[in-house]
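What follows is one structure encoded as structure tokens, with my remarks underneath.
The values are calculated or read from the model by the stated rules, or taken from the named source; none is laboratory data. Bear in mind that the values here come from a model prediction, so they are computed numbers and not experimental data. A quick note on method: Cβ atoms are made from the backbone with ideal geometry, for glycine too, and the neighbour counts reach across all protein chains shown. Note: areas computed on protein heavy atoms with side chains; ligands, DNA, RNA excluded. Shrake-Rupley method; radii C 1.70, N 1.55, O 1.52, S 1.80 Å.
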Amino acid sequence: PRRWPTNARPISAPGGGSASAAIAAVGAGLGAMVAKLTYGVRKFEHLESQLRKIIPGLHETALGLIPMIDADTNAFNDYVEAMRLPQGTDAEKKHRAEQMELGLKKAIEVPLQTMRIGDKAWENMLEAAKIGNVASKSDVQVGARALEVGIWGAYQNVMINVSGIKDSKFVSEKTAEAAKLKDRAAKFCAEILEVLDNRKN
């Protein structure tokens, strides 16, 4: 039989949701890095008050996204555990269905929270694109792309789990919010890339 390396076993978690949180954290972290590298440089002294405003937001967003990596894995595990509950009686079946729905709701709420946290970085990332050291513009380009991909990936994890939820109000509210955050990410990413394309080295 084929043996997988211990770090490449065929398990379902951590998966795309955790990866999305990690990628988004890298994106915000790159924006923070560029702002920090610009701060304190003599030729950018006139920008220090602006940099002092954007650095904390980007730094805190990156830190806030890191716990979402494990949170996403744990949310999925709750659903898996609910699937294993007994279903021999009507009462057991009802309890299992309720716990599975709760697990799915958590599996949606976690990537949605990843989207919410990541969304907080956009205004600061845009400012970093406008005033950050142009020698580091590729880092902001990668950061913006990574943040957008992380939010997009979290959106996909929201959407893949809604089909199993019977609570239509919950589904409607969460999918609408997720779509709005995804669209904002695409808009901001495009604007940041355009700003950077127009900056000269």
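Return the only residue of 75, 32 being within 18 Å of residue 100 (Cα to Cα) and open to solvent by less than 30 Å² (accessible area, probe 1.4 Å).
Going through 75, 32 in turn, the sole match is 75.
Residues are listed down the side, and each one gets a yes or a no for (1) polar (S, T, N, Q); (2) out of contact with any Pro (no Cβ under 9 Å at 6 or more places or on another chain):
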| site | (1), (2) |
| --- | --- |
| 63 | no, yes |
| 83 | no, yes |
| 89 | yes, yes |
| 95 | no, no |
| 100 | no, yes |
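Being aliphatic (A, V, I, L, M), open to solvent by less than 20 Å² (accessible area, probe 1.4 Å) and under 28 Å from residue 194 (Cβ atoms) is true for just one of 107, 135, 121. Which residue is that?
121
Among residues belonging to the range 99-134 that are polar (S, T, N, Q) and touching a residue at least 40 places away in the same chain (Cβ under 8 Å), point out the one that is farthest from residue 47 (Cα to Cα).
Per the criteria, the residue is 113.
Consider residue 89 carefully, then state whether it is within 25 Å of the chain's Cα centre (by Cα) and of a type in the set (S, T, N, Q).
Answer is no for this residue.
Name the one entry in 52, 96, 84 that is surrounded by fewer than 19 Cβ atoms within 10 Å (Cβ to Cβ), touching a residue at least 12 places away in the same chain (Cβ under 8 Å) and closer than 27 Å to residue 154 by Cα.
96
Being open to solvent by 70 Å² or more (accessible area, probe 1.4 Å), out of contact with any strand residue (DSSP E or B) (no Cβ under 7 Å at 6 or more places or on another chain), part of a helix (DSSP H, G or I) and within 19 Å of residue 19 (Cα to Cα) is the requirement here; does residue 67 meet it?
Yes: the conditions hold for residue 67.
Would you say residue 140 is surrounded by fewer than 21 Cβ atoms within 10 Å (Cβ to Cβ) and under 30 Å from residue 45 (Cβ atoms)?
In short, no.
Could you list, in sequence order, the residues of the range 151-201 that are among the small types (Gly, Ala, Ser), surrounded by fewer than 18 Cβ atoms within 10 Å (Cβ to Cβ) and either touching a residue at least 40 places away in the same chain (Cβ under 8 Å) or in a helix (DSSP H, G or I) (or both)?
Selection gives 164, 168, 172, 176, 179, 186, 190.
Can you tell me which residues in the range 35-49 are open to solvent by less than 60 Å² (accessible area, probe 1.4 Å) and of a type in the set (Asp, Glu)?
48
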